[in-house]
Structures are given as C-alpha cells and as structure tokens.
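Structure, as structure tokens:
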Amino acid sequence: MESMRLDHIGIAVRSIDQALPLWRDALGAKIGDRETIPSQQVEVLFLETGETRTELMEPTSSDGAVSRFIEKRGEGLHHIAYRVEDLSATMKKLESAGSKLIYSEPRPGSHSTLINFIHPTSTGGILIELVEYTTGDQTSHPEEERST
Ligand code: ZN
C-alpha cells in the first residue's frame, strides 16, 4: 500500500479573480484546472506548484462551509489535503480511533476524486482533507462505483 502524501493546500479567498494577480503574476504559479464543486459550494482553482498543488477556493453560496469560514476568520489557510489510497478504509480506521469526520460517506471532489475531512477538533486544530483518486466517471453514488 502506498503511504499517504501531501496532495494540496487549500486557501479560502473571497474572489479567485482578485487573488490571481498575486499567485500567477507576482509569484509565477502555473494555472491549472478551475472547477465548481456543487457539493462543497465552492469554485476552486488549482495552481500547479510542484508536487503539492495550491487550491484557491471561492464560495459560490453564502451558506457553504467555506463562506462561513471566511465570515468567521477571514480569508486564509483553510485545509491541508493528503492523498490516501483507500478513503473508506482510512475513514474506518479514523472512526475506530475516535476521530471525528465531517462526512459519514466519501463525497465527490474535483478531478474525479473522493474526499472527506477530519474535523479540526480531532487533529489539533487543522482541517485535514483526505483525497482518493479514482478512475472513471463519478456518479451520484460514488461509493458504489469504487473499484477495489
Ligand atoms: Zn482541497
């Protein structure tokens, strides 16, 4: 089994377009995919920043989690994402160890991934995203589509 590795760093912004000049023009980041993720109520833009990408997240609705985060704490570092091989198996291990997960089932993320988050109260204050890369199309029941 492949060990976990850092996948990306998520940064909450009010506006991707307003954040872009810093990242693209001043810092020289290469622009990757831009995608709306309805289940997370965000639009995301990935910056190609070496092995670990940087994800800019802009809320698409005022009642999503990222919007509430910005309201409460302002823009800034939102989460750190690690890649895992088998999200469901990792979730089971976390749950049996008493860690609190945000979702009870894996959810579709960007780039045909399945994601979940470990609640900051279980990690010493850091929101940790877990990402499993899947092959093939995601449907509304991604947990039934997993090929193991
Ligand atoms: Zn993320």
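The values are calculated or read from the model by the stated rules, or taken from the named source; none is laboratory data. If you're wondering where the values come from, they're calculated on a predicted model, not measured in any experiment. Quick reminder, even Gly has a Cβ in these numbers, built from the backbone with ideal geometry, and neighbours come from all protein chains shown. Only protein heavy atoms, including side chains, enter the accessible area calculation; ligands, DNA and RNA are left aside. Shrake-Rupley method; radii C 1.70, N 1.55, O 1.52, S 1.80 Å.
Residues in segment 12-27: is at least one within 16 Å of the chain's Cα centre (by Cα) and at pLDDT below 95? No - not one qualifying residue is present in segment 12-27. A search for C-beta distances below 7 Å between a residue of segment 77-97 that is without any contact (Cβ under 8 Å) to a residue 40 or more places away in the chain and any residue that is within 16 Å of the ligand (Cβ to nearest atom) and not in a loop (DSSP other than H, G, I, E, B), counting only pairs 6+ apart in sequence or on different chains, returns Met91/Leu101; Met91/Asn116; Leu94/Leu101; Leu94/Ile118; Glu95/Leu101. Could you please find all residues in segment 50-87 being touching a strand residue (DSSP E or B) at 6+ places or on another chain (Cβ under 8 Å), more than 13 Å from the ligand (Cβ to nearest atom), over 16 Å from Ser110 (Cα atoms) and open to solvent by less than 60 Å² (accessible area, probe 1.4 Å)? Gly64, Ser67, Ile70, Gly76, Asp86 - these are the residues of segment 50-87 that are touching a strand residue (DSSP E or B) at 6+ places or on another chain (Cβ under 8 Å), more than 13 Å from the ligand (Cβ to nearest atom), over 16 Å from Ser110 (Cα atoms) and open to solvent by less than 60 Å² (accessible area, probe 1.4 Å). Of the residues contained in segment 39-46, none is found to be surrounded by fewer than 20 Cβ atoms within 10 Å (Cβ to Cβ), at pLDDT below 95, within 13 Å of the ligand (Cβ to nearest atom) and more than 12 Å from the chain's Cα centre (by Cα). Within segment 88-136, the set of residues being assigned to a loop (DSSP other than H, G, I, E, B), within 24 Å of Glu35 (Cβ to Cβ), touching a helix residue (DSSP H, G or I) at 6+ places or on another chain (Cβ under 8 Å) and away from the ligand (no atom under 16 Å from the Cβ) comprises Glu105, Gly136. Could you tell me whether Ile9 is open to solvent by 30 Å² or more (accessible area, probe 1.4 Å), under 11 Å from the mean Cα position of the chain (by Cα) and closer than 22 Å to Ile126 by Cβ? Spelling it out, Ile9 is indeed open to solvent by 30 Å² or more (accessible area, probe 1.4 Å), under 11 Å from the mean Cα position of the chain (by Cα) and closer than 22 Å to Ile126 by Cβ. Which of the following residues is touching a His at 6+ places or on another chain (Cβ under 7 Å), of a type outside the set (Asp, Glu) and either at pLDDT 95 or above or closer than 28 Å to Ala26 by Cβ (or both): Leu94, Leu127, Leu77, Leu87? Of the residues listed, the single one that is touching a His at 6+ places or on another chain (Cβ under 7 Å), of a type outside the set (Asp, Glu) and either at pLDDT 95 or above or closer than 28 Å to Ala26 by Cβ (or both) is Leu127.
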